[in-house]
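Below you'll find the structure, written out as C-alpha cells, and then a few comments.
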Amino acid sequence: MSSPDTGHPPSTVADTDRRTMVLESAMATFARFGYRKTSMEEVARAARISRPGLYFLFSSKEALFRAAVTQTLEHDIAAVEQVLADRGRPLAERLVEAFDQWAGRYIGPLASDAATVAEDNPDLLGEIAEIAPRRFEELITDAIAAESGREEALPVAQTMISASIGLKHQATSRAFYLERLAVAIGLLVR
C-alpha cells in the first residue's frame, strides 16, 4: 500500500513506526503553534528528523498536516470503538470513557487539541474533518441503541455530544469535564 501523500510504500515496520512518530510530533507542534505559525523546520526538529527527510516523507506542510490530523482522529476513533465494544461494563461507564477518549484527553492547560487545530483549518482537511465526528456519533448512537432501542438513540447521542462540546469549552480540567459529563450521561441513560 502506498502513502497517499508521497506515493512511497512504507518498506519496513521501522519506516511505519518512524512515520507514526513524525506524525505524532507534527500534531503536537501544530497544536502548540497552530497551522500557519508551524514551519516544516519546527516539525523536523520536534520529530528529530532532517528537514529534507521530512520532505521525503511528506511533499508539503499541507500533506503533513492532513496526515497528522487523520492519524490522530483514526487513533481516537479506534480507542472509542474498543471502549464501547466492552459490553461487560455498564453503558454509562463506557460512554463516559468513550467521550474521554474522544474529547476529554484534550482538556486542560497543557493538552494539545487536535480537534481545535482541525476546526481552525477546515479548508486544508476537506472531508477528513467531517468523517471522524460523524463516525463518533454513529458509535455512540449504536451503543445506546443496543441498550434502549434505535428510536431514541440518535437524539440522546446528539444531546450527549452537544453537552460534551459545551463542557469542553468551559472545563478547566479533564477531571471537571468527566465529572460533569458523567452527570449528563446519567440523566440521559438509565
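Just so you know, all these numbers are worked out from the coordinates, no wet-lab data involved. A quick note: this is a predicted structure, and the numbers were derived from the prediction, not measured. Virtual Cβ from ideal backbone geometry, glycine too; neighbours counted across all protein chains shown.
HN-Hα J couplings of the range 51-64 from phi, Karplus 6.51/-1.76/1.60, θ = phi - 60°, integer Hz, Gly and Pro as x?
Once rounded to whole Hz, the list reads 4, x, x, 5, 5, 5, 6, 9, 5, 7, 4, 4, 5, 5.
So what are the ³J(HN,Hα) numbers for the range 131-139, from phi and the Karplus equation (6.51, -1.76, 1.60; θ = phi - 60°), rounded to whole Hz, Gly and Pro as x?
Karplus values, whole Hz, x for Gly and Pro: 5, 5, x, 5, 5, 4, 4, 4, 5.
For R32 and R190, what does the FRET efficiency come to when R0 = 35 Å and r is the distance between their Cβ atoms, rounded to the nearest 0.05?
Given R0 = 35 Å and the Cβ-Cβ separation, E is 0.25.
In the Gaussian network model of the chain, springs joining C-alpha atoms below 10 Å, which of E151, E130, E179 carries the largest mean-square fluctuation?
Sorting by GNM fluctuation, first place goes to E151.
Give the residue list of trypsin sites (Lys or Arg not before Pro) in the range 19-55 that are DSSP loop and have at most 13 other beta-carbon atoms within 10 angstrom.
R36, K37, R48
Can you tell me the dipole magnitude for the range 13-188 around its Cα centre, using point charges on the Cβ only (Lys, Arg +1; Asp, Glu -1), in Debye to the nearest 20?
The calculated dipole for the range 13-188 is roughly 700 debye.
Going toward the positive end of the dipole of the range 13-188, with +1 on Lys and Arg Cβ and -1 on Asp and Glu Cβ, which of G186, L167, P155 do you reach last?
L167
Let me know the whole percent of all Cα-Cα pairs from the chain that are separated by more than 31 Å.
Within the chain, distances greater than 31 Å cover 25 percent of Cα pairs.
What does the helix-only formula give at 222 nm for the chain: each DSSP H stretch with n ≥ 4 adding -39500 (n - 2.57), the total divided by the residues, and the result rounded to the nearest 500 deg cm²/dmol?
Computed mean residue ellipticity for the chain: -24000 deg cm²/dmol.
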